[in-house]
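Below is one structure, written out as structure tokens; comments come after it.
What follows draws every value from the coordinates through simple rules; no lab data is involved. Not measured: the values here are computed from a predicted model. For neighbour counting, all protein chains shown are included, and Cβ atoms are generated from backbone atoms with ideal geometry for every residue, glycine included.
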Amino acid sequence: MTLSQFLSDIYESFTVAEAKAEAPPAEEKEEASEDKEEEKEEAAAEEEEEEEEPEDIMPQLQEECQNSKKCAPYKHHYDECAERVQKWDDAEEGEREGKRESCVEEYFHLMHCTGDCVAPKLWAKLK
Amino acid sequence: MFSRNCLRQASRFSKSLPIRQTIRRNATDASKAGSEASQPGLTAAAYAATAAAIASSGWYFYQYGPTVHALSPAEEGLHPTKYPWAHAGFLTTFDHQALRRGFQVYREVCASCHSLSRVPWRTLVGVSHTVDEAKAMAEECEYDDEPNDNGDIEKRPGKLSDYIPAPYANDEAARAANQGALPPDLSLIVKGRHGGCDYIFSLLTGYPDEPPAGAAVPAGLNFNPYFPGTGIAMARVLYDGIVEYDDGTPATTSQMAKDVVEFLNWAAEPEMDERKKMGMKVLAITTVMLALSIWVKKYKWAPLKTRKIVYSPPKDLH
């Protein structure tokens, strides 16, 4: 929590003029009809999209972040590790060297970097 | 007296000066003479002391320097990412629309396994639902009634004062239904886990499509990096569009996770909004008291600070 956020909170607390528990019914109807009209217009444009289930933006952001300059080294390390494991799995039993490696640690480093990168972007998109 | 002392000191000073000079001369002579003799020993001592210093600090670092971890990173679990929660500020409240959506997610998704046993229906009134909505939801559930005339306990529809019913009769029933894993009660889960909101959000959204290469996932468990040990009995439950929100918000995985975590934070800290308001009251009253105290101090001290005490001796006596 930064000082600027605290100050903006104080400013916001002064700008709240009125809060109603329930909207007046007459206005609600009008709004509803307006909404319906808007919805119809939108529905015409986005009919195909509405039928589909909403798509989460988080995996997309994560992928972008993993390819960003900051997290690319971690991604590289993880990919290398995954490759080694794959090689180990592909090799026949007699030719295998050492134990089967676990890439959990590399994955942790990658996800740690990705998480820090995704958090502010995701929060800007979510309601 | 004074003049005599001065003279004495001057005579002493003049006498002592040549003696000091001779001493200095002797000292310099001695050091010059002895330097060649003592230097090799001193140098050796310096090297030895330096070596000992390096060795002892190295030994200490070897003993106590590196931290020993009892757990491997996988056993420790990945620390959750810090998210900028809207309600985390000093003056910010819960987003009550999010609470309403979050309750819907809890009711439609989480409630099939997790209880919320410390939250009665009445607490939802005015927070996320109206009285009528809360009553209607309570009436959908059945509760034990008072014993009737025959002593039998009948069922009655729920009231606002009833607690939200648990999915299982007891912990053993819950374990039996979940392959031995107990779904924890969610009433205080945000307070009961390290990382709080961040942890639960990360856990809900952190299930990878497939576990990382080489990770050991025991049978019946699922891989989640944020869960200590990475093997969690709960499978991923939040999928896009699993819930349909009343207010038209797209029910994506991350949106549902955010809403339900905010709701669970409310369940754990229902007093938060009121507490922050109380904090503002305290600050406001304190500023008033400060102003008052300064004025009172000024008023009380004014006569003391401005008074003048004058002693006028009686003139006739002397």
Here the gain from full extension of B:Ala302 to B:Ala181, 0.36 nm per residue of separation minus their alpha-carbon distance, amounts to 36.2 nm
In terms of the charge dipole of chain B, which places +1 on Lys and Arg and -1 on Asp and Glu at the beta carbon, the residue among B:Ser161, B:Ala173, B:His79 farthest towards the positive end is B:His79
Per DSSP loop assignment and a cutoff of at most 13 other beta carbons within 10 Å, chain B keeps its longest run without exposed GluC sites (Glu not before Pro) at B:1-139
Residue by residue through the stretch B:72-88, the couplings from Karplus 6.51 cos²θ - 1.76 cosθ + 1.60 with θ = phi - 60°, in Hz, x for Gly and Pro, are 6, x, 5, 6, 6, x, 6, 5, x, 6, 7, 9, x, 4, 5, 8, 7
Checked against a 32 Å limit on the C-alpha separation, the offending pairs among A:Lys75/A:Lys127; B:Lys155/B:Lys276; B:Lys135/B:Lys258; B:Lys277/B:Lys300 are B:Lys155/B:Lys276; B:Lys277/B:Lys300
Among B:Ala111, B:Gly89, B:Gly229, the residue whose Cα sits farthest towards the positive end of the charge dipole of chain B, when +1 is placed on the Cβ of each Lys and Arg and -1 on the Cβ of each Asp and Glu, is B:Gly89
When A:Cys103, B:Cys113 are ranked with the fewest other C-beta atoms within 10 Å first, the list becomes B:Cys113, A:Cys103
The simple spin-label model distance between B:Leu283 and B:Asp316, using points 7 Å out along Cα→Cβ, in nm, is 7.0 nm
Going fewest to most other Cβ atoms within 10 Å around each Cβ, B:Phe263, A:Phe6, B:Phe201, B:Phe227 line up as A:Phe6, B:Phe227, B:Phe201, B:Phe263
Going residue by residue through the stretch B:102-117, the Karplus relation 6.51 cos²θ - 1.76 cosθ + 1.60 with θ = phi - 60° gives ³J(HN,Hα) values, rounded to whole Hz and with x marking Gly or Pro, of x, 5, 4, 5, 4, 5, 8, 10, 6, 5, 6, 10, 9, 8, 9, 6
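By how many nm would the segment from B:Ala52 to B:Ala235 lengthen if fully extended, with 0.36 nm per residue of separation less the alpha-carbon distance?
Details: separation 183, 0.36 × 183 = 65.88 nm, distance 5.83 nm.
Gain in length upon complete extension: 60.0 nm.
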Dividing the helical contributions, -39500 (n - 2.57) per DSSP H run of n ≥ 4, by the residues of chain B yields a 222 nm value, nearest 500 deg cm²/dmol, of -17000 deg cm²/dmol
Here, A:Lys121 and A:Glu12, labelled 7 Å along Cα→Cβ, have an inter-label distance in nm of 2.4 nm
Two pseudo-spin positions, 7 Å from Cα along C-beta at B:Ile242 and at B:Lys82, lie apart in nanometres by 2.9 nm
Taking every alpha carbon pair in chain B and sorting the distances into 10 angstrom bins from 0 up to the bin holding the longest one, the percent per bin comes out as 5, 14, 17, 12, 9, 8, 8, 8, 7, 6, 4, 1, 0
With x for Gly and Pro, the residue-by-residue ³J(HN,Hα) of the stretch A:64-73, computed from phi through the Karplus equation 6.51 cos²θ - 1.76 cosθ + 1.60 at θ = phi - 60° and given in whole Hz, is 4, 5, 5, 8, 6, 4, 6, 9, 4, x
Per the rule of 0.36 nm per residue minus the C-alpha distance, extending B:Thr130 to B:Glu75 adds in nm 15.3 nm
Fewest to most Cβ atoms within 10 Å: B:Tyr311, A:Tyr78, A:Tyr11, B:Tyr245 sort as B:Tyr311, A:Tyr11, B:Tyr245, A:Tyr78
Out of B:Met289, B:Tyr299, B:Ile242 - ranked by how far each Cα lies towards the positive end of the dipole of the stretch B:239-318, with unit charges on the beta-carbon of charged residues - the top one is B:Tyr299
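To the nearest 20 debye, what charge dipole does chain B have about its Cα centre, counting +1 at the Cβ of each Lys and Arg and -1 at the Cβ of each Asp and Glu?
5180 debye
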The alpha-carbon center of the stretch B:98-114 and that of the stretch B:54-72 are separated, in whole Å, by 49 Å
So for R0 = 25 Å, FRET eff. of B:Glu108-A:Asn67 from the Cβ-Cβ r, to 0.05, ends up at 0.10
